[in-house]
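For reference, the structure is listed below as structure tokens.
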Amino acid sequence: MTLKIATWNVNSLKVRLPQVLDWLAQQQADVLCLQETKMEDRVFPQAEIEAAGYRVVFAGQKTYNGVAILARRALGDIAHVEHGIAGFVDEQQRVISASIAGVRVVCVYVPNGQSVDSDKYQYKLRWLAALHDWLAGQMQQYPQLVLLGDYNIAPEDRDVHDPVAWRDKVLCSVPERAAFQRLLDLGLVDAYRLFEQPEKSFSWWDYRMMGFRRNLGLRIDLILLSRQLAAGCTACVIDKAPRRLERPSDHAPVMATLDLSERSELSAGPA
DNA sequence: ATGGCTGCTTTGAGCAGA
């Protein structure tokens with residue numbers, strides 16, 4: 001069995017829903033995690049998504065943040081849904097997790113941080129520490145885990161169009177990259193870097209200054225895989241096509257292909 | 001050059017994003 005699992009920061013699902021439905025149909029993605037839906041649950045377009053053949057779970061709020069997981073109906077239930085980071089009190093809707101076809105899917109919208117001298121940056125670092133500590137337990141409970149979303153961290157200089165200009169700036173600062181490395185140290189692997197990739201590959205481009213046309217971007221939308229899932233990963237790509245559409249999100253979707261045929265059925269559920 | 005776009009908001013100029 002092959003699973004195509006993707007992440008996309010849509011920057012308002014209200015605006016981008018038609019693009020999301022078109023993209024699902026074109027790419028035949030099995031699972032899609034969304035960030036920045038920017039809508040309350042009571043107005044979430046559940047019926048439209050279900051009509052397209054997907055189940056969906058979501059956690060939203062007005063104006064900001066908001067996450068969702070879509071899964072092809074044929075994959076069965078979206079099970080054991082959990083909101084947020086257990087033990088970390090946070091009004092901002094940035095995390096939703098669920099089990100789909102025996103894979104634990106954790107969808108995250110990491111805080112942006114605004115600038116390194118901002119209170120929001122301190123919140124970002126606290127949030128990342130809480131994510132790490134919670135995830136350590138989740139990895140024990142769910143050996144087949146994928147952590148995907150908008151990390152708001154460019155892991156390395158090769159993920160930045162102008163590393164000198166971005167040096168020590170938010171999204172690239174040493175403490176943020178150290179927090180990201182701590183996630184990898186839990187036993188997670190950056191799916192994109194499992195494969196040969198073009199140079200200057202990015203997933204976000206500023207709306208201003210013709211950022212996309214000039215490829216002034218960052219790679220901040222990532223798919224991290226546990227070792228068990230990384231063993232079956234056969235591809236990971238950034239799809240730039242939606243960024244070329246009318247009224248695009250500033251982020252492009254990222255998709256990994258997982259071959260699940262070899263895995264043990266027994267490790268599919270919670271321990 | 002601290003702006004530049006875009007989406008959102010107790011509809012407006014201000015915020016947040018990255």
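Read-outs throughout are calculated quantities, based only on the coordinates presented, and are distinct from any laboratory measurement. If you're wondering where the values come from, they're calculated on a predicted model, not measured in any experiment. Cβ sites come from the backbone with ideal geometry, for glycine too, and all protein chains shown count toward neighbours.
Could you tell me which of rounded, prolate or oblate describes region A:34-102, using a ≥ b ≥ c as the square roots of the eigenvalues of the alpha-carbon gyration tensor, with rounded for a/c under 1.5 and, failing that, prolate when a/b is larger than b/c and oblate otherwise?
Verdict is oblate for region A:34-102.
Could you list A:Ile85, A:Ile69 in order of exposure, starting from the residue whose Cβ has the fewest other Cβ atoms within 10 Å?
Lowest count first: A:Ile85, A:Ile69.
Calculate the FRET efficiency for A:Ala178 and A:Phe88 from the Cβ-Cβ distance with a Förster distance of 25 Å, rounded to the nearest 0.05.
0.85
Which of the cysteines found in chain A have nothing to pair with, since no other Cys Cβ lies under 4.7 Å from theirs?
For chain A, the answer is A:Cys172, A:Cys233, A:Cys236, because their Cβ atoms have no other cysteine Cβ under 4.7 Å.
Give the whole-number value, in cubic angstrom per residue, of the convex hull volume spanned by the C-alpha atoms of chain A.
So the per-residue Cα hull volume is 122 Å³.
Considering the Cα positions of region A:117-186, please state its Rg to one decimal place and its Dmax as a whole number of Å.
13.2, 41
Nearest 0.05, what FRET efficiency do A:Asp117 and A:Glu40 give at R0 = 45 Å with Cβ-Cβ as r?
That gives a FRET efficiency of 0.90.
Out of region A:192-259, which trypsin sites (Lys or Arg not before Pro) are coil in DSSP terms and have no more than 15 other C-beta atoms within 10 Å?
Filter output for region A:192-259: A:Lys200, A:Arg208, A:Arg213, A:Arg214.
What residue among A:Ser118, A:Ser249, A:Ser97 has the largest mean-square fluctuation in a Gaussian network model of chain A, using Cα springs under 10 Å?
Comparing A:Ser118, A:Ser249, A:Ser97 in a Gaussian network model of chain A, the most mobile one is A:Ser118.
Tell me what chain A gives for mean residue ellipticity at 222 nm when only DSSP H runs of n ≥ 4 count, each as -39,500 (n - 2.57), the sum divided by the residue total, rounded to 500 deg cm²/dmol.
Helix-only estimate at 222 nm: -7000 deg cm²/dmol.
Take the Cα coordinates of region A:63-121, assign each an equal point scatterer, and use the Debye formula without solvent to give log10 I(q)/I(0) at q = 0.15, 0.20, 0.29 Å⁻¹.
Values, matching the q order: -0.54, -0.80, -1.21.
For chain A, which DSSP H helices look membrane-span-like by this rule: Cα extent along the axis of 18 Å or more and mean Kyte-Doolittle of at least -0.5?
Membrane-span-like by this criterion, though nothing is claimed about a membrane: A:13-27.
Could you list A:Asp150, A:Asp157 in order of exposure, starting from the residue whose Cβ has the fewest other Cβ atoms within 10 Å?
In increasing order of surrounding Cβ atoms, one gets A:Asp157, A:Asp150.
What per residue convex hull volume, in Å³, comes out for region A:80-164 when only alpha-carbon positions are used?
115 Å³
Highest GNM mean-square fluctuation, chain A, Cα pairs closer than 10 Å: which of A:Pro198, A:Pro111, A:Pro18?
A:Pro198
What shape does region A:4-150 have by the C-alpha gyration tensor, where a ≥ b ≥ c are the square roots of the eigenvalues, rounded means a/c under 1.5, and otherwise prolate means a/b greater than b/c and oblate the rest?
In terms of gyration-tensor shape, oblate.
For a 30 Å ceiling on Cα separation, which of these pairs sit above it: A:Lys120/A:Lys200; A:Lys4/A:Lys120; A:Lys169/A:Lys200?
The pairs that break the limit, which is 30 Å between Cα atoms, are A:Lys4/A:Lys120.
Over region A:133-271, one equal point on each Cα, no solvent: what is log10 I(q)/I(0) by the Debye formula at q = 0.09, 0.12, 0.18, 0.20 Å⁻¹?
-0.30, -0.53, -1.05, -1.21
Cut-off 10 angstrom, C-alpha nodes, Gaussian network model of chain A. Which of A:Thr37, A:Thr63, A:Thr257 fluctuates the most?
Comparing A:Thr37, A:Thr63, A:Thr257 in a Gaussian network model of chain A, the most mobile one is A:Thr63.
Given Cβ point charges of +1 (Lys, Arg) and -1 (Asp, Glu) and nothing else, what value in debye, to the nearest 20, does the dipole of chain A about its Cα centre take?
Rounded to the nearest 20 debye, it is 480 debye.
Using alpha carbon centroids, what distance separates region A:214-266 and region A:160-174, in Å?
Here the answer is 22 Å between Cα centres.
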